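**Q** Once you've had a glance at the structure underneath, I'll fire off some questions.
Bear in mind these aren't lab numbers, they're just calculated from the coordinates by the rules spelled out. Note that the structure is predicted; figures quoted are calculated from it, not measured. All Cβ positions, glycine included, derive from the backbone under ideal geometry; neighbour counts span all protein chains shown.
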């Protein structure tokens, strides 16, 4: 049975992956310092996985975590759009030192397989939508701090794929496209919409004016976290060496429609008020997931089906301290 290391394993995506791996009887080790993650996400699994507390930027901690491992799933990163603008130096520090330490320790311990979690942000404004894995990656403006995240992901991909030529039996790249679910953190559009609409419930008139970035007609393709983890497991099982895979859905949705679904939970109509667009934001994003479909991936949840439950979770947990929040799966 392979022994898997999940870096960033107490984060939103990392903990979901750990939960699935442990549930399927896999041997799992987690590396995290809980700077962005939270150990309580895995509290009910205590004793069923190993835990190394440490910073991905610390070579000694990464080296301890990689010893005896068969597959490294590298998820440790600084996520959340607001951090791209406010802490670009931290985003890049974690990205560059993280992938360097993971590669060096994996090679030292002769780890045969590596999976790197990338991002749809590597495309910025893609020229083709739906976007397949062959579309060119880009950094439109090196002076814009938003692109710190995309740059870190692009570098991580390139380094991993090229080290994979000689040092690994298999390297795979996963590019998530707007994963959502309970307990994803407040730095994302869906929980922010919930918090704002909850605060506006005392507004005296209908419809409630609701200001968003841009016109609201910008689109994204959201994938529910359970579907996303299904895709990751398929890549771990069947992905080819130096293969790159989009995990998401073909369902392209306007942001104003996302806001409307959130508003339905509160029973109040809203009127979208266009605001200044985010500097460096993307107008359209939707992945071509044909490669994943050929591997047997099939998303089960539409946004209309899964989002109301996520909105309800955020509404019900808004008063609960982060360390005490529990996700039932």
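**Q** Per the helix-only calculation at 222 nm, which mean residue ellipticity applies to the chain, given -39500 (n - 2.57) for every DSSP H run of n ≥ 4 and division by its residues, nearest 500 deg cm²/dmol? Intermediate values should be presented prior to the final figure.
**A** On the way: 10 runs with 125 residues, N = 329.
Dividing the helical sum by the residues of the chain leaves -12000 deg cm²/dmol.
**Q** Grab the Cα-Cα distance for residue 46 and residue 34, subtract it from 0.36 nm times how many residues apart they are, and report the gain in nm with one decimal.
**A** Between residue 46 and residue 34, full extension yields 2.7 nm more.
**Q** If you don't mind, another one. Using only alpha carbon pairs under 8 Å that are at least six residues apart, calculate the relative contact order of the chain and give it in whole percent.
**A** 18 percent
**Q** What's the FRET efficiency of residue 67 with residue 97 using the Cβ-Cβ distance as r and R₀ = 25 Å, to the nearest 0.05?
**A** 0.85
**Q** Separate question: May I ask you to derive the FRET efficiency for residue 143 and residue 167 from their Cβ-Cβ distance with R0 = 30 Å, giving the value to the nearest 0.05?
**A** Calculated value: 0.30.
**Q** Moving on to the next point. Could you calculate the FRET efficiency of residue 205 with residue 312 from 1/(1 + (r/R0)^6), where r is the beta carbon distance between them and R0 is 22 Å, rounded to 0.05?
**A** Numbers: r = 25 Å, r/R0 = 1.14.
Here the calculated transfer efficiency is 0.30.
**Q** Simple spin-label model, 7 Å along Cα-to-Cβ: residue 127 to residue 260 in nm?
**A** Label at residue 127, label at residue 260, 3.4 nm between them.
**Q** Could you work out how far helix 225-238 tilts from the main Cα principal axis of the chain, as a 0 to 90 degree angle to the nearest 10?
**A** That helix lies at roughly 30 degrees to the long axis.
**Q** I've got another one for you. Give the separation of the Cα centroids, the range 166-197 to the range 136-164, in Å.
**A** Between the Cα centre of the range 166-197 and that of the range 136-164, the gap is 17 Å.
**Q** Once both axes come from the Cα atoms, what is the angle between helix 12-23 and the longest principal axis of the chain, in degrees from 0 to 90, rounded to 10?
**A** Computed tilt is about 60 degrees.
**Q** Could you work out how far helix 189-199 tilts from the main Cα principal axis of the chain, as a 0 to 90 degree angle to the nearest 10?
**A** Helix 189-199 sits at roughly 40 degrees to that axis.
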